[in-house]
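The values are calculated or read from the model by the stated rules, or taken from the named source; none is laboratory data. Everything numeric here is computed off the predicted structure, so don't read it as measured data. Neighbour counts are summed over all protein chains in view; Cβ atoms, including those assigned to glycine, are modelled from backbone coordinates with ideal geometry. Just so you know, the surface numbers come from the protein's heavy atoms only, side chains and all, with ligands and any DNA or RNA stripped out. Shrake-Rupley method; radii C 1.70, N 1.55, O 1.52, S 1.80 Å.
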There are 2 protein chains.
Amino acid sequence: MGVVKSKRMPRAVREQQMLDAAVEIFGQRGYMAASMDEIAELAGVSKPLVYLYLNSKEDLFTACIRREAAALTEAVRTGVRTDLAADRQLWDGLLAFFTHTSHHPHGWSVLHLQARIHGEAFAAEVTAMREEIVAFVTHLIVVAAREAHRDPDLPEREVAGLAEALVGAAESLAAWANATAGVTARQSAATLMNFAWAGLGNMMEGRPWTLQDTSSDTAPLQVS
Amino acid sequence: MGVVKSKRMPRAVREQQMLDAAVEIFGQRGYMAASMDEIAELAGVSKPLVYLYLNSKEDLFTACIRREAAALTEAVRTGVRTDLAADRQLWDGLLAFFTHTSHHPHGWSVLHLQARIHGEAFAAEVTAMREEIVAFVTHLIVVAAREAHRDPDLPEREVAGLAEALVGAAESLAAWANATAGVTARQSAATLMNFAWAGLGNMMEGRPWTLQDTSSDTAPLQVS
C-alpha cells in the first residue's frame, strides 16, 4: 500500500504543478501564444513529461478549464450557508465568487476569456460550469421569493431570466475588476448586491419598476 | 452619373445579400461548420463571386461582425431620446437592444457566441463594440445620478462597475431569451429594468443595500 501510494503521489503532485503553471501561462499569454516549453519550465519539469502526463496542448488546456471550473463552483458553494436569509446567501455567494476570481485572475481569464475564444469544444466545457452556477442562482432566487412570505408571483421563466442576468452581470464585473487596479472583491460584491438586490426585493413583493411617462407623445407603457 | 451608379449599385446590393446569407449561415451552423458553398447558394451568387467581393471566409466573417456590431449600436442609440428622463432612456435603450437581438438572432449569435470563440482577432472586433456600449451606458448612469438632484455620491469607478454589470446582464439575458421559446423583447427589457433600476435608484439616493445580519456567529458587515 505504502509503496503504491508513494509511487502515485509524485505524479498527482507533479500534475497539479503542471496545471498551476499552465493556468498561469494560458491566462497571461493566451492559448495560442502559450508555449509548452514555457509551461514545462515554470512547472520545473521536462517538456516530454508534460506530454506524457497531459498528452497534448489541447488536453492540457481542457484539464485547466475543468480544474478551474470545479474550483470556482466549489468556492461559491462552500461560501454559502443555506440556513441563512436569502439576501445573505446571495451576498455570501457573490463575495465568494469575486474573492475567488480576484485571487485566481489567470484561472478566471482561462474560463471567461481563453476557453471561450478558442473553439467550440473548449467553450462547451465552460458552458457546463455556467449552467451549474445559473441553476444554483435560480435556486437562491426561488428561496428568496419563498421567504418574501406571500404567494411568490414570479413565474419560472422570469426567475430563469433573472438568474441569467445576474450571472452575466457577475461575469462581466469580474473581468472588469481584474483588469482595473485597486478594485477589491468586496467592492465588486457590494456593487452587484446593491444593483441587484433592491430590484429583486421589489419584484418579489409585487412592486415592479413602472414607467413614469412624462412625455406627451407616447401612450403609457405596461412594461411586464 | 446614372451609368456609374447603376454599375456600383449591384455590387453594393450583392455584397449586402452575401452578408445577409453569411450572417444566417454563420449564426446557424457556427463559423467552423459554415461552408462558403452554402453561403453563396443562399445569397444566390456563385462562390467565386463571394471570394472576389469578400476575399476569404475570414474576411467575410469579419465583415459580418462589423456590420452586425454597427447595426446593434445604431439601433440602441436611435432607440434612446436623450431629452427624456434617465429611467426612460434606460428602458428605451434596453427595449431597443432586446428588440434588435430578438429580430436578428443570427446576428446576435455571430456577435455574442461565434465571434468570441474563434480566435483573438474576431473577439477584438466585438470588444470594440462592447466598449462603445459600455461607454453609452456609463453616460446614462451618470445622467441618472445627476437627475437625482443631489451631489451624486457615485464615484467614477462605481459607475464603471455598474455599467459593466448591466451590459453583462443584458448580453446574458439576450442569449437566453433567443434560446427560449416565447420570450419577447419587451419581457426581457422589463426583467432587466426591474432588476436594475430599483438598485440603481437606491444607490443614487444614498440608500445602498445593507446586510441585516441575523446570525450570531459573524460580526456586522460593512458592504461598501
Which members of the range B:48-93 meet the condition of being more than 14 Å from chain A (Cβ to nearest Cβ) and hydroxyl-bearing (Ser, Thr, Tyr)? B:51, B:53, B:56, B:62, B:73, B:78
Just to be sure I understand the filter: pairs with C-beta atoms under 6 Å, separated by 6 or more residues or on different chains, first member in the range B:86-100 and under 13 Å from residue B:196 (Cβ atoms), second member part of a helix (DSSP H, G or I) and of a type in the set (Asp, Glu). Which pairs pass? B:86/B:147
Total residues in the range B:57-93, condition of a type outside the set (A, V, I, L, M, F, W, C) and not in a helix (DSSP H, G or I): 3
Going through A:96, A:135, A:115 one at a time, which residue ends up being surrounded by fewer than 20 Cβ atoms within 10 Å (Cβ to Cβ), in a helix (DSSP H, G or I) and of a type in the set (A, V, I, L, M)? A:135
Restricting attention to the range B:118-132, which residues are at pLDDT 85 or above and either among the basic types (Lys, Arg) or open to solvent by less than 20 Å² (accessible area, probe 1.4 Å) (or both)? B:126, B:129, B:130
Within the range A:171-190, is there a residue that is modelled with pLDDT under 85 and open to solvent by less than 20 Å² (accessible area, probe 1.4 Å)? yes
Condition first: surrounded by 15 or more Cβ atoms within 10 Å (Cβ to Cβ) and within 14 Å of the chain's Cα centre (by Cα). Can you find one or more residues in the range B:44-65 that meet it? yes
Can you name every residue in the range A:78-89 that is among the aliphatic types (A, V, I, L, M) and touching a helix residue (DSSP H, G or I) at 6+ places or on another chain (Cβ under 6 Å)? A:80, A:86
